[in-house]
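I have placed the structure first, in the form of structure tokens, so that the comments after it can refer back to it.
The values are calculated or read from the model by the stated rules, or taken from the named source; none is laboratory data. Since we're looking at a predicted model, the values are computed, not measured. When we count neighbours, we look across all protein chains shown, and the Cβ atoms used for this are built from the backbone with ideal geometry, even at glycine. To get the accessible areas, we keep the full protein, side chains included, count just its heavy atoms, and leave off ligands, DNA and RNA. Shrake-Rupley method; radii C 1.70, N 1.55, O 1.52, S 1.80 Å.
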Amino acid sequence: MTKFLLAVHVLAAIIAVGPVTVAASMFPAAVRRAQAAGPDAAGRSGVRLLHRICRVYAALGMAVPVLGFATASSLGVLGDAWLITSIVLTAAAAGVLALLVLPGQERLLGRLDGSGPPVDRGATARLAMLTGAFNLLWAVVTVLMIIRPGSTTGA
């Protein structure tokens, strides 16, 4: 059962978190291109699609920590420092995504649609920085999941 849980946890992480990291990374540049193109519906629809990918896969990503807790419980490592650190970093990544990246995308979408000032380079740069922080947090969690420092589970 442990191997099954681990496999499903890893697949969920790849399938759910991967698209968010890619789409969120593409979003700021897509906004700049759409702004430069003017009222081009195609550019704006691409930006909306990237935001929708981020929202949908962020919701699907909730399965990753749920499956992670089940896997950790099965392995008997719930109290290990590497896992606790990973849980804290995962919560931080979720917070950055839910509280900063997704609302930032929504603000830029609104500005593209004419509610508010035009999108400036600073706004997209801030969103790119926040997205980079989100991606870095997930990268650290991934490394911790692989190397599991101090683990006694035979890594």
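A few notes on this one:
- Residue in segment 68-81 that is over 19 Å from Gln35 (Cα atoms), charged (D, E, K, R) and touching a helix residue (DSSP H, G or I) at 6+ places or on another chain (Cβ under 7 Å) present: no
- Inter-residue pairs, beta-carbon under 7 Å, first free of Cβ contacts under 8 Å to residues at least 40 places away in the same chain and in segment 1-19, second of a type outside the set (Phe, Trp, Tyr), 6+ apart: Pro19/Ile53
- If you filter segment 112-152 down to residues that are of a type in the set (Lys, Arg) and in a helix (DSSP H, G or I), you find that the one that is most open to solvent (accessible area, probe 1.4 Å) is Arg121.
- Exactly one residue out of Leu99, Leu89, Leu49 is under 17 Å from Arg126 (Cα atoms), at pLDDT 95 or above, of a type in the set (A, V, I, L, M) and open to solvent by 30 Å² or more (accessible area, probe 1.4 Å): that is Leu99.
- Of everything in segment 29-44 that is open to solvent by 30 Å² or more (accessible area, probe 1.4 Å) and over 18 Å from Pro103 (Cα atoms), the residue that is modelled with the highest pLDDT is Arg33.
- Qualifying residue in segment 71-82 (condition: surrounded by 13 or more Cβ atoms within 10 Å (Cβ to Cβ), touching a residue at least 24 places away in the same chain (Cβ under 8 Å) and β-branched (Val, Ile, Thr)): yes
- Contacts under 7 angstrom Cβ, first residue in segment 122-141 being closer than 24 Å to Val88 by Cβ and in contact (Cβ under 8 Å) with a residue 40 or more places away in the chain, partner of a type in the set (S, T, N, Q) and open to solvent by 40 Å² or more (accessible area, probe 1.4 Å), 6 or more apart: Thr131/Ser25; Asn135/Ser25
- Annotation note: Cβ proximity below 8 Å between a residue of segment 87-105 that is farther than 17 Å from Met129 by Cβ and a residue that is open to solvent by less than 60 Å² (accessible area, probe 1.4 Å) and not in a helix (DSSP H, G or I) (sequence gap 6+ or interchain) occurs for Ala94/Gly61.
- Segments classed as helices (runs of 4 or more DSSP H), wholly inside segment 1-102, with at least 1 members that are in contact with a His (Cβ under 9 Å, 6 or more places away or on another chain): 18-37, 63-75
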